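The values are calculated or read from the model by the stated rules, or taken from the named source; none is laboratory data. Quick caveat, the model's predicted, so the values are computed rather than measured. Glycine gets a Cβ as well: all are built from the backbone with ideal geometry, and neighbour counts include every protein chain shown.
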Amino acid sequence: MKPALLTLTLFILGAVSMACTSNNHGPADSDLLDGSVDASRDQEGDTTTEDVALTEAELDDCVSGDTCIIVPYDHCCGATKRAINVKYKAAYETHPEWQSYHEADCAMIGQCMDDSGINTAVCGPDGFCLFELN
């Protein structure tokens, strides 16, 4: 695949991924962690001592060099996976409300792409974790 086509494909998949796995209504007060929580992990997945006040909307934020991972997700459109920054895996796992999306606007979202063949994620050029084509 040509680099330009691959970049465009990843951009499109990222947009679909964000539409199907992000709650774009912005963080609500209930999205915030209660107090400071040790919710950060380093590249190897080990817990660090950094205190983080994190919102669901920030789970897929990344900078070049960050490790992005795939986590289980239950979205009303049929998506079963979500790409997040590995640093936020512990926080994601402690918030079941971040692991699914079944809101009133589900009827207008439609069907998300089949994500059964997606197994890896990368930090995209826009600073968000994206599904990687295998």
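So, residue 127, is that one surrounded by fewer than 18 Cβ atoms within 10 Å (Cβ to Cβ) and either in contact (Cβ under 8 Å) with a residue 24 or more places away in the chain or touching a helix residue (DSSP H, G or I) at 6+ places or on another chain (Cβ under 8 Å) (or both) or not?
The answer is yes for residue 127.
Within the set of pairs 6+ apart or on separate chains, which have a first residue in segment 84-100 that is more than 12 Å from residue 57 (Cα to Cα), a second that is among the small types (Gly, Ala, Ser) and buried (at least 19 other Cβ atoms within 10 Å of the Cβ), and C-beta atoms under 7 Å apart?
Final answer for the pair search is 87/40; 90/39; 91/39.
I'd like the full set of residues that are touching a helix residue (DSSP H, G or I) at 6+ places or on another chain (Cβ under 8 Å) and either part of a loop (DSSP other than H, G, I, E, B) or of a type outside the set (Phe, Trp, Tyr) (or both), limited to segment 96-114. Please lay out each step first, then the result.
So in segment 96-114, the residues touching a helix residue (DSSP H, G or I) at 6+ places or on another chain (Cβ under 8 Å) come out as 97-99, 101, 109, 112-113.
Within segment 96-114, 97, 99, 109, 112, 113 meet the criteria.
I'm trying to understand the selection: among the residues of segment 60-74, which are in contact with a helix residue (DSSP H, G or I) (Cβ under 8 Å, 6 or more places away or on another chain) and at pLDDT below 95?
Selection gives 66 alone.
Could you count how many residues in segment 69-99 are small (Gly, Ala, Ser) and exposed (fewer than 12 other Cβ atoms within 10 Å of the Cβ)?
0
Quick one: residue 107 ticks every box in (1) closer than 18 Å to residue 68 by Cβ; (2) loosely packed, with under 11 Cβ neighbours inside 10 Å; (3) not basic (Lys, Arg) bar one, so which box is it?
Residue 107 satisfies every listed condition except (1).
So, of the residues in segment 115-133 that are among the hydrophobic types (A, V, I, L, M, F, W, C) and outside any loop (DSSP other than H, G, I, E, B), which turns out to be farthest from residue 65 (Cα to Cα)?
Among those that are among the hydrophobic types (A, V, I, L, M, F, W, C) and outside any loop (DSSP other than H, G, I, E, B), it is 131.
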